[in-house]
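Here the structure is laid out as structure tokens; the discussion comes afterwards.
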Amino acid sequence: MRRAFKFVFGALVIVVVGVGAFVAWYVFADRAPGRPELSNTQTSSAGPTTTNGRWTVLAEPQSFVGYRIKELFGDAVLKRDAVGRTNALTGTLTIAGGRVTAAVVTANLSKLDSGREARDAYARDNALETSKFPTARFTLSAPIALPAPTVKGRRVHAQASGVLLLHGMTRPVTVTLDARWTGPTIDVVGTAPILLRDYGIKAPDTPIAKVDDHGSFELDLEFVPG
């Protein structure tokens with residue numbers, strides 16, 4: 001009887017230690033990338049002499065859209081950013097008369113990659129349900145005034161009002177943007193807050209981790225003349 005007890009107790013200890021080691025690995029071995037920032041790309045004499053016209057997203061690997069959200073461990077004692085991104089994009093940007101008059105960016109969410117296949121599979125199959133709702137789309141709903149004159153290399157800070165299609169639902173959203181015209185390209189980075197329940201998304205809750213019901217979507221886009 002004593003031997004059986006020792007065996008069971010030893011097995012439980014091994015299981016607990018193993019689970020603890022797995023959770024520690026899951027929490028601390030995954031480093032989330034930082035928030036998108038404009039690169040130090042140098043300006044060039046190449047490209048059009050004005051920003052006016054139609055520009056098109058240069059997708060893989062230069063551009064991405066994605067999410068950033070907190071994963072919670074141990075009753076929220078530990079928190080860590082989870083970040084997923086997709087390069088499967090299309091999009092256009094139109095500038096006329098010193099204003100961004102139109103913009104639309106569409107992303108294939110079934111291609112989201114966070115560096116953890118288990119997390120990505122859960123997001124696809126349960127949270128985002130990408131078999132039903134594979135597409136997310138931002139559409140600009142009001143023009144964005146640009147500083148005059150437009151100067152290569154100058155950072156432009158702006159708020160973009162639009163509508164976001166996510167999980168089959170459309171909601172108004174305001175994206176905080178930084179942009180720069182380099183000559184051959186227009187580079188844009190931005191972020192906007194997201195409340196999951198606004199889009200009918202149930203916050204993931206698994207034996208390993210829970211997820212906040214709010215996060216943000218992020219973008220890092222490179223546009224070339226269309």
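The values are calculated or read from the model by the stated rules, or taken from the named source; none is laboratory data. Since the structure is predicted, the reported quantities are computational estimates derived from the model, not experimental observations. Cβ placement follows ideal geometry from the backbone for every residue including glycine, while neighbour counts extend to all protein chains displayed.
Here are the numbers for the structure shown:
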quantity: Number of the condition not met by residue 202 [criteria: (1) surrounded by 14 or more Cβ atoms within 10 Å (Cβ to Cβ); (2) touching a residue at least 60 places away in the same chain (Cβ under 8 Å)]; calculated: (1)
quantity: Count - residues of the range 161-178 that are surrounded by 16 or more Cβ atoms within 10 Å (Cβ to Cβ) and over 27 Å from residue 129 (Cβ atoms); calculated: 2
quantity: Candidates 191, 182, filtered to the one that is among the hydroxyl-bearing types (Ser, Thr, Tyr) and more than 19 Å from residue 82 (Cα to Cα); calculated: 182
quantity: One residue from 210, 152 being touching a residue at least 40 places away in the same chain (Cβ under 8 Å), assigned by TED's automatic domain parsing to the domain that holds residue 44, within 23 Å of residue 110 (Cα to Cα) and more than 16 Å from the chain's Cα centre (by Cα); calculated: 210
quantity: Tabulated pairs, the range 175-191, first free of Cβ contacts under 8 Å to residues at least 40 places away in the same chain and closer than 19 Å to residue 162 by Cβ, second of a type in the set (Lys, Arg) and surrounded by fewer than 17 Cβ atoms within 10 Å (Cβ to Cβ), C-beta under 6 angstrom, 6+ apart or interchain; calculated: none
quantity: Members of the range 49-75 that are surrounded by fewer than 20 Cβ atoms within 10 Å (Cβ to Cβ), assigned to a strand (DSSP E or B) and hydroxyl-bearing (Ser, Thr, Tyr); calculated: 56
quantity: Residue list for the range 117-138, filter: touching a strand residue (DSSP E or B) at 6+ places or on another chain (Cβ under 8 Å) and basic (Lys, Arg); calculated: 119, 137
quantity: Selection from the range 76-88 of residues that are surrounded by fewer than 16 Cβ atoms within 10 Å (Cβ to Cβ) and outside any strand (DSSP E or B); calculated: 76, 77
quantity: Any hit, the range 110-120, residues being at pLDDT below 95, closer than 26 Å to residue 215 by Cβ and in contact with a Pro (Cβ under 6 Å, 6 or more places away or on another chain); calculated: no
quantity: Qualifying position, being surrounded by fewer than 15 Cβ atoms within 10 Å (Cβ to Cβ), under 16 Å from the mean Cα position of the chain (by Cα) and modelled with pLDDT of 95 or more, among 193, 134; calculated: 193
